Amino acid sequence: MKILVALKQVPDTETKIKVAADGRSLDPADVKWITSPYDEYALEEAIRIKEGRGAEVVALSVGGDSAKDVLKNALALGADTAVLLKGDGQGDAFAVAQMIAAYAKDKGFDLILCGNKGLGGDNAALGPMLAELLGVAQANVIVKLELGDGTFKAEREIESGSEIVEGALPAVITAQKGLNEPRYASLKGIMAAKKKTIEELDAAPAVAGSLISALALPPERPAGRKLEGDSATQAMALIQALKDEAKVF
Amino acid sequence: MILVFCELKDGQIRKPSAEALSEGRRLADVVGKPLGALFAGASCAGSAEAAKYGADVILTAESPTLTSYSSDAYATVLADAVKAKGVTVLLAAATAIGKDVAPRAAARLGAGYASDVTALSMVDGKLQAIRPVYAGKAFATTSFASSVQVATTRPNVFPAVEKAGAGATEALTAPAGDFKSVVKEILAKASGKVDLSEANVIVSGGRGMKDGANFKILEDLADAIGGVVGASRAAVDAGWGLPHSMQVGQTGKVVSPTLYIACGISGAIQHIAGMSGSKFIVAINKDPEAPIFKLANYGIVGDLFEVVPELTKAAKALGIGSN
C-alpha cells in the first residue's frame, strides 16, 4: 500500500493576525509556523496504517524552503520519504490541488490523506478538489477509518452526529480531530530524519480559481457593560436586557 | 442563471438552504438573472417550497440511485446542472453536505470556490465573497478568476427571506450509479438538537466549569432559553469526557449564533476566533480582567455556579423559551 500525506504549513493558532502592507496578505513578521493540526491527524493515521499492515508513506508539502520544516517533522514521525513541491502553497486551494494532483497521478497511491481543512485558510476544499482531479473517491471530516481489500469504511462527522461512508480505493480521506492522538517525534526518529533528504520539485503550473483581493481585521465590537449586584440581580438584569434591549428572545 | 443547491429534511427545505436561496434571489435581482433551486435525492418532495424563497425554476434530480448521499454522484448532479443551464454562480449552504460536494463540483467545472462566506456581492457581473479566515481573526475579500463561481454560505448569517418566485419545475437526469463512495448509515447523536454551527443560542463552558458533570447547569440554562451547549478547547482537552463536536474555536467549530453565553471561559485567542462572529456575547467569569469581557456586550463578574442557575430561574420567571 502506498500512502500520500499532504501537509500544509500554517500560522500557529496563537498568532495575532496583522495585515501586510499590500492590504491583502498576512504580515509574516512574528508569525510562528506549524504543521496544520488537522494534517497531523492525517500523518498519524498514515503511520498507524504503515505499522499495522505495512505501507510506504510519502509526505508532501507545497511551499517554499520554510515548508521543509513540516517535512522534516513528518520524516521524524515516520514518513518514509518527503517531497517539496516548490510553489505557492498558501494561495488558492484549486491551484494547490492541481499541483498535488499533477504530482500524484500515475504514482499509484492507494490512499491520500490530508486535514479536513488547512488551519487559517479554512477553505476545507483541497481534499474534495484533489479527489475530483484524480477521479477517485473522497470521504471528508473523518474520525474513524478502516481499510479493507481495495475498499475503505470511514466515519464522518456531520451536523446530526456522524455517518458511515464506504467506497473504493484509491481515495482521498480528510482527517478530523478525534481520528487519533498524534505522537511526538522520538529522538531516534529525529536523528534518522536528519539522514534523509527531501526531494524538491517545481510545482506543476496551475490556474487559480480565486484570489484574495483584500484582507481586513474584523470590526471592533461595541463596548459592553457589566451588570452589578448579587447573582440573582445580575441574572435578572441580563435576561431582561437580552429580551428588551438586544431582543434576542 | 444563479443556481442554489438545496437540502431537504423531512420534506422541508433546511434552514441553511433557505438562507442560501434567499441570498441567491438577492444576487439574481442585482444582475437580472433567473434563480434556480436544485434538489437531489430518492424523493424531492417538498422542493416546491423553493418558490417561496424566490426560485424561478426548481430543478430536481430524483432517483433511487440518490437514496444515500454520495460525494461524486452529487457532484455530478451539480456540475451537470451548471453546464446544462448555463449557470454562472453556484451556491450551497456550508453544511456537512454542502462543504463536501461544492468544492468537488467546482473542481470538475474548473471553477473558483469560496467556502463558508459571510457576505456576497456581484461586481462587474461576477461573484465577490467575503469570508472569515484564521477562524474569523480576519476577513478575506475573495474575487474569482473563473467564468463559473462557486460558494458556500455560512449558516445563520444570511436571512431567509420569503419572496415569491415562479417555481417552474423541471426534472433532471440523475446519475445511473456505480459511485466511488456512498453513505451507508447515519449515526444520530442522542440529543437530536441542532448542531452548534446552526444554533441560534449557544451556552458554552470553559476551564472554569471544573468538571464535565458540571455542564449539567449549562444544559439546564440552554434548555430554558432554547440553546445548545458548547465548550472551549481547554474544557474539551481537560479529559472531562466532552466530545470534540462540542468544541468552539479555531480548531473546533466556528459559530455565529445570535447569542453566545461564555461561562468560565477566559477568552484565549483561539477560542475568540471561533465565536467572535456572534451577534451578542455574554461573559460570565470570576476574573474581571479576563479578555473575554473585551468582546462581551454584557458581562457578569461572578461565580458561574451561582449565576448560571439564577439565569435559568430568571429565564423561566420571564417566560423565555415558552412561546
Among the residues of segment A:1-33, write down those that are under 17 Å from the mean Cα position of the chain (by Cα), outside any loop (DSSP other than H, G, I, E, B) and either buried (at least 19 other Cβ atoms within 10 Å of the Cβ) or basic (Lys, Arg) (or both). A:3, A:4, A:5, A:6, A:7, A:9, A:10, A:11
Name every residue in segment A:51-76 that is surrounded by fewer than 16 Cβ atoms within 10 Å (Cβ to Cβ) and closer than 23 Å to residue A:149 by Cα, in order of residue number. A:51, A:52, A:53, A:54
If a residue must be farther than 22 Å from residue A:73 by Cβ and in contact (Cβ under 8 Å) with a residue 12 or more places away in the chain, how many such residues does segment A:21-41 contain? 3
Only one of B:319, B:299 that is buried (at least 24 other Cβ atoms within 10 Å of the Cβ) and either over 26 Å from the mean Cα position of the chain (by Cα) or farther than 18 Å from residue A:241 by Cβ (or both): B:299
Condition met for residue A:105 (basic (Lys, Arg), surrounded by fewer than 24 Cβ atoms within 10 Å (Cβ to Cβ) and farther than 23 Å from residue B:104 by Cα): no
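Please find, among A:100, A:142, A:112, the residue that is more than 8 Å from chain B (Cβ to nearest Cβ) and free of Cβ contacts under 8 Å to residues at least 60 places away in the same chain.
On inspection, the qualifying residue turns out to be A:142.
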Which of the residues that make up segment A:159-179 are over 18 Å from the mean Cα position of the chain (by Cα) and within 8 Å of chain B (Cβ to nearest Cβ)? A:159, A:160, A:161, A:162, A:163, A:164, A:165, A:166, A:167, A:168
Residues in segment A:180-197: is at least one of a type outside the set (D, E, K, R), within 25 Å of residue A:70 (Cα to Cα) and at the interface with chain B (Cβ under 7 Å from one of its Cβ atoms)? no
Condition check: surrounded by 15 or more Cβ atoms within 10 Å (Cβ to Cβ) and not assigned by TED's automatic domain parsing to the domain that holds residue A:95. Does residue A:193 satisfy that? no
Pairs returned, first residue in segment B:300-323 that is without any contact (Cβ under 8 Å) to a residue 12 or more places away in the chain, second residue that is assigned to a helix (DSSP H, G or I) and surrounded by fewer than 16 Cβ atoms within 10 Å (Cβ to Cβ), beta-carbon separation under 6 angstrom, 6 or more apart or interchain, are B:310/A:232
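Residues checked against (1) more than 16 Å from residue A:177 (Cβ to Cβ); (2) more than 12 Å from chain A (Cβ to nearest Cβ):
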residue	(1), (2)
B:217	yes, yes
B:265	yes, yes
B:270	no, no
B:280	yes, no
Check segment A:203-221 and report whether any residue there is without any contact (Cβ under 8 Å) to a residue 40 or more places away in the chain, away from every other protein chain (no Cβ under 12 Å) and not acidic (Asp, Glu). yes
Residue count, segment A:96-135, condition β-branched (Val, Ile, Thr) and either under 24 Å from residue A:13 (Cα atoms) or more than 16 Å from the chain's Cα centre (by Cα) (or both), comes to 1
I'm told residue B:226 meets every condition in (1) within 21 Å of the chain's Cα centre (by Cα); (2) of a type outside the set (Lys, Arg); (3) at the interface with chain A (Cβ under 8 Å from one of its Cβ atoms) except one. Can you identify the failing condition by its number? (3)
Restricting attention to segment B:144-180, the residues that are within 16 Å of residue B:48 (Cβ to Cβ) and of a type in the set (Phe, Trp, Tyr) number exactly 0
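Out of everything in segment A:1-37 that is among the basic types (Lys, Arg) and away from chain B (no Cβ under 13 Å), what residue ends up being farthest from residue B:267 (Cα to Cα)?
A:2
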Within segment A:126-164, residues crowded, with 17+ Cβ neighbours inside 10 Å and of a type in the set (Asp, Glu) come out as A:132, A:155, A:157, A:159, A:163
Within segment B:229-248, residues being crowded, with 24+ Cβ neighbours inside 10 Å and within 12 Å of chain A (Cβ to nearest Cβ) number 2
Just to be sure I understand the filter: pairs with C-beta atoms under 7 Å, separated by 6 or more residues or on different chains, first member in segment B:1-30 and in contact (Cβ under 8 Å) with a residue 12 or more places away in the chain and closer than 17 Å to residue B:168 by Cα, second member assigned to a helix (DSSP H, G or I) and of a type in the set (Lys, Arg). Which pairs pass? B:1/B:85; B:3/B:85
Regarding residue A:92, is this residue at the interface with chain B (Cβ under 8 Å from one of its Cβ atoms) and touching a residue at least 60 places away in the same chain (Cβ under 8 Å)? yes
When you scan segment B:128-202 for strands (runs of 3 or more DSSP E) that lie fully inside it, which ones turn up with 3 or more residues that are of a type in the set (A, V, I, L, M), surrounded by fewer than 23 Cβ atoms within 10 Å (Cβ to Cβ) and at the interface with chain A (Cβ under 9 Å from one of its Cβ atoms)? B:181-188
Could you list all residues from segment B:67-89 that are among the β-branched types (Val, Ile, Thr) and closer than 14 Å to residue A:163 by Cβ? B:67
Elements of type strands (runs of 3 or more DSSP E) contained in segment B:31-125, each with 3 or more residues being buried (at least 24 other Cβ atoms within 10 Å of the Cβ): B:35-41, B:89-93, B:112-117
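The values are calculated or read from the model by the stated rules, or taken from the named source; none is laboratory data. Since this is a predicted model, take the numbers as computed values, not measurements. With ideal geometry, Cβ positions are generated from the backbone for all residues, glycine too; neighbour counts draw on all protein chains shown.
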